[in-house]
1. For segment 346-363, take each phi angle, set θ = phi - 60°, evaluate the Karplus expression 6.51 cos²θ - 1.76 cosθ + 1.60, and give the result in whole Hz per residue in order, putting x for glycine and proline.
2. Across segment 247-262, in residue order, what do the Karplus-derived ³J(HN,Hα) couplings come to in whole Hz, using 6.51 cos²θ - 1.76 cosθ + 1.60 with θ = phi - 60° and x for Gly and Pro?
3. Please list 150, 297 from largest to smallest accessible area, probe radius 1.4 Å, with all protein chains kept in place.
4. Using unit Cβ charges (K, R positive; D, E negative) and no other charged atoms, how large, in debye to the nearest 20, is the dipole of segment 200-320 about its Cα centre?
5. Given a 1.4 angstrom probe, I'd like the percentage of the accessible area of segment 182-273 that is carbon and sulfur, rounded to a whole number.
6. Can you give the accessible area of residue 289 in Å² (nearest 10), computed on protein heavy atoms with a 1.4 Å probe?
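The values are calculated or read from the model by the stated rules, or taken from the named source; none is laboratory data. None of the values given here were measured: they were computed from a predicted structure. We place every Cβ from the backbone using ideal geometry, glycine too, and count neighbours over all the protein chains shown. Please note that ligands, DNA and RNA were not included when accessible areas were found on the heavy atoms of the full protein model with its side chains. Shrake-Rupley method; radii C 1.70, N 1.55, O 1.52, S 1.80 Å.
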Amino acid sequence: MNSPENKASYRGLKYATLSFLSVLVVVLLRVTCILQPVTIEEFTVTPSASDISQHNENKKDILFIVMGERKNFKVWFQRLNINKKNHPARVTFIYGSYDESVNATEDNVICEQSNELFDCQTLFIPGTTWTQGRNRLAEEALRKEKKRGMKYDYWGFADDDVQLICDECIKLDLCSESFKCWNRFFATIATEGALPENASTVVLEKGWAVNNKKWPKGFTAVSTYDAFVTVIKRDTVPLLLPYSTLGNGVSEWVSQAVLFCVMKICIPGSAVKFPFMYGGNLEHRVYERGLKLPVVMDTIHENYDPYVSFDECSRIPFLAQEYYTHVFETAEECSANIPTGNLDYCAPLLDRFTAWEESIEYD
């Protein structure tokens, strides 16, 4: 699937669909990089069963989990309901609301319109923190996999107040009304060879300065990142989940800081920042913040002993998010520069994941 012939055919088909004006815009915006967005054929008619079966075989299954306020459910449904037979992704969507139950509102009728290309589910998870909520929704992901008898290709997570900005809608006021960035985000992840093959995770640069084009202008990979949007390859999930259990009053930042350490030791430099796109959180909510190394190390010991020792993290810089220092023009170049993971040493993390998986109640 990664042969030069297939890639050439893909590029040829893509360029054939662009209009003359679109070509001019694309050239101006992307003159420094080979990357191009995945072009998706519009499909406005509800697909028939035969259409679905014909096109489902090569689709990538993306499970995408969002936690937040009930009011933001509708916009996420619209972003993720990719009802196009030629879109390379088939999305399963779980929305966890912590303030009000989506089931108790008229919004839930929308989920009942799910089809074979889009599976939608809502959960009410009151009284949960950011870390607890993501773990609770990840448990539901495991239940869905068990029920369907098949693993997804990717697990994704996002905060409910996230907005993306990309070079197709540069201004924030335009992006807020457009789903182009999200459509491209999922289509690119689901397209074979569109991103570095050796990446374990797909993340986003964070920033909110309008019109500053603060996106990576090519392919780059890091070990530490903000988790406001993160998409994890399914075979990497057991290395990173569940999130650490935190003590009372401990900053919610700590659970992600622990993963900084895990990434640095186990799969360094394998989180690819999505090119020509960035995003951020629109709302500023109250929660415990801040990072102190002793607290992070205590949390690591409490959650990872006796599986794997991460004592080395007390001696290496890992608490700060990394800023990319080198941008590659092609996914292949970036992939070749992702270090080999320390998977033998970190293999016991699979036992930690299995223990958590077996502790979950299934129907």
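1. 8, 3, x, 4, 5, 5, 4, 5, 4, 4, 5, 4, 6, 7, 7, 7, 10, 5
2. x, 4, x, 7, 4, 5, 5, 5, 4, 7, 4, 4, 5, 4, 4, 4
3. Numbers: 150 105, 297 20 Å².
My answer, sorted largest first, is 150, 297.
4. Working: 12 positive and 11 negative charges, 134 e Å.
Roughly 640 debye for segment 200-320.
5. Values: 1180 of 2390 Å².
Accessible surface attributable to carbon and sulfur in segment 182-273 totals 49 percent.
6. 120 Å²
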